[in-house]
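The values are calculated or read from the model by the stated rules, or taken from the named source; none is laboratory data. Since we're looking at a predicted model, the values are computed, not measured. Cβ atoms come from the backbone with ideal geometry, glycine included; neighbour counts cover every protein chain shown.
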Amino acid sequence: MAEIVGAITTSHVPAIGKAIFQQLQDEPYWKPFFDGYVNARSWLRDVRPDTVVVLYNDHGLNFFLDKMPAFAVGAAPRYTHADEGWGIPTIPPFTGDQDLSWHLIQQLTDAEFDLTTCQEMLVDHAFTLPMALLWPEQDWPVQVVPVCINTVQFPVPSARRCWKLGEAIGQAVRAWDSDKRVLILGTGGLSHQLEGERAGFINKPFDLAFMDSLTADPLWATQWNSAELVEKAGTQGIELLMWLAARGALGEGARELHRNYHIPISNTAAGLMVMAPAA
Ligand code: DHB
Ligand code: FE
């Protein structure tokens, strides 16, 4: 059966793409952010995943406001990036793990998640940039399965629902008749708000408590509804739902192996965690 080697949760910000392209990794503004990924990359070299299930929110590249699925799973042979309007350079395409895609779609449907299945899918910065931070050569030694959770157009799925989706993904991967090693990657958050009166809002105490909760008390964030999470983390900070789903996939216990937290990258509190299933 397949094995989940662990989960990585990270922020995603379009400006990271420009910084990579302009090779600004050692500039004072960027260094504390990029340095955080060194340990994650060395852990990846040890655990050698074959496939990555990427939990992220699309921001209008693949789905626009006219059609917005709560949960969508990619089942394409190949996923390409395209111009999103941020001016970030596009990066090489990703190979889909279609066997795992269809297994996940079947198992999640059996677990009563009603999904949108995408046999063609563009992937945006929330998918591409975390991948480029983890594999800077951009030669992608892994196959991928994209899973989108809507955090862009309200109403968005509740924290409890996202936790359960993550749990169901974990169960499905562990029941997959394959000897592949699977990484769960959740991208979004942490606190940030891009528009309105609270533009620039960041909540460090909340972010740190949320990061602690993922190992100590992983259902902690499910005590709040979406409006309350927006109040605490900002309108885009609700992307933290991806972290919760990724953690859910690890099952009951998880160990924190590494973390980084840096304010700000663009308008965002940038966080990173590497977690392994409980031994
Ligand atoms: C920013 C953050 C995001 O999560 C995003 O999707 C776009 C922009 C930012 O801080 O600039
Ligand atoms: Fe975002």
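Yes or no, residue by residue, for (1) closer than 20 Å to Leu44 by Cβ; (2) free of Cβ contacts under 8 Å to residues at least 40 places away in the same chain; (3) more than 15 Å from ligand 2 (Cβ to nearest atom); (4) not in a loop (DSSP other than H, G, I, E, B):
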| position | (1), (2), (3), (4) |
| --- | --- |
| Thr222 | no, no, yes, yes |
| Glu228 | no, yes, yes, yes |
| Glu231 | no, yes, yes, yes |
| Thr235 | no, no, no, no |
| Leu241 | no, no, no, yes |
| Arg255 | yes, no, yes, yes |
| Arg259 | yes, no, yes, yes |
| Ala270 | yes, no, no, yes |
| Met273 | yes, no, yes, yes |
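Taken as a whole, the condition of being within 16 Å of ligand 1 (Cβ to nearest atom), modelled with pLDDT of 95 or more and closer than 30 Å to Val47 by Cα applies to Thr187.
Comparison of Gly170, Gly237 shows that the only residue that is at pLDDT 95 or above, closer than 23 Å to Leu133 by Cα, under 17 Å from the mean Cα position of the chain (by Cα) and not hydrophobic (A, V, I, L, M, F, W, C) is Gly237. Of all residues in region 112-159, those that are closer than 23 Å to Arg181 by Cβ and away from ligand 2 (no atom under 16 Å from the Cβ) total 12.
Exactly one residue among Ala249, Ala199, Ala233, Ala278 is within 25 Å of Asp124 (Cα to Cα) and loosely packed, with under 15 Cβ neighbours inside 10 Å, and that residue is Ala199.
Among the criteria (1) under 30 Å from Gln106 (Cα atoms); (2) away from ligand 1 (no atom under 16 Å from the Cβ); (3) aliphatic (A, V, I, L, M); (4) in a helix (DSSP H, G or I), the one Ala279 does not fulfil is (4).
So which of Gln107, Gln138 is on the phi > 0 side of the Ramachandran plot, touching a residue at least 12 places away in the same chain (Cβ under 8 Å) and not in a strand (DSSP E or B)?
From the options Gln107, Gln138, the qualifying one is Gln138.
Tell me, yes or no, whether region 60-74 has at least one residue that is surrounded by 14 or more Cβ atoms within 10 Å (Cβ to Cβ), of a type in the set (Gly, Ala, Ser), assigned to a helix (DSSP H, G or I) and more than 16 Å from ligand 1 (Cβ to nearest atom). For region 60-74, residues surrounded by 14 or more Cβ atoms within 10 Å (Cβ to Cβ), of a type in the set (Gly, Ala, Ser), assigned to a helix (DSSP H, G or I) and more than 16 Å from ligand 1 (Cβ to nearest atom): absent. Remark: pairs (first residue in region 1-20, of a type in the set (Val, Ile, Thr); second residue within 12 Å of ligand 2 (Cβ to nearest atom); Cβ separation under 6 Å; 6+ apart in sequence or on different chains) = Thr10/Pro130; Thr10/Thr187; Val13/Ile265; Val13/Ser266; Val13/Thr268; Ile16/Leu129.
Are any of the residues in region 232-246 touching a Leu at 6+ places or on another chain (Cβ under 9 Å) and at positive phi? Yes, region 232-246 contains a residue that is touching a Leu at 6+ places or on another chain (Cβ under 9 Å) and at positive phi.
Among the residues of region 199-211, how many are free of Cβ contacts under 8 Å to residues at least 40 places away in the same chain and part of a loop (DSSP other than H, G, I, E, B)?
1
Quick check on region 102-122. Is at least one of its residues within 16 Å of ligand 1 (Cβ to nearest atom) and within 29 Å of Lys18 (Cα to Cα)?
For region 102-122, residues within 16 Å of ligand 1 (Cβ to nearest atom) and within 29 Å of Lys18 (Cα to Cα): present.
Among the residues of region 21-40, the ones that are touching a residue at least 24 places away in the same chain (Cβ under 8 Å) and loosely packed, with under 13 Cβ neighbours inside 10 Å come to 0 in all. Can you tell me which residues in region 176-194 are part of a loop (DSSP other than H, G, I, E, B) and within 22 Å of the chain's Cα centre (by Cα)? The answer is Trp176, Lys180, Gly188, Gly189, Leu190, Ser191, His192, Gln193, Leu194. Listed by first and then second residue, the pairs linking a residue in region 172-198 that is in contact (Cβ under 8 Å) with a residue 60 or more places away in the chain to a residue that is acidic (Asp, Glu) and within 16 Å of ligand 2 (Cβ to nearest atom), with Cβ atoms under 9 Å apart and 6 or more places separating them unless they lie on different chains, are Thr187/Glu239; Gly188/Glu239; Gly189/Asp207; Gly189/Glu239; Leu190/Asp207; Leu190/Glu239; Ser191/Asp207; His192/Glu239. Every listed requirement among (1) touching a strand residue (DSSP E or B) at 6+ places or on another chain (Cβ under 6 Å); (2) modelled with pLDDT under 95 is met by Arg259 save one, (2).
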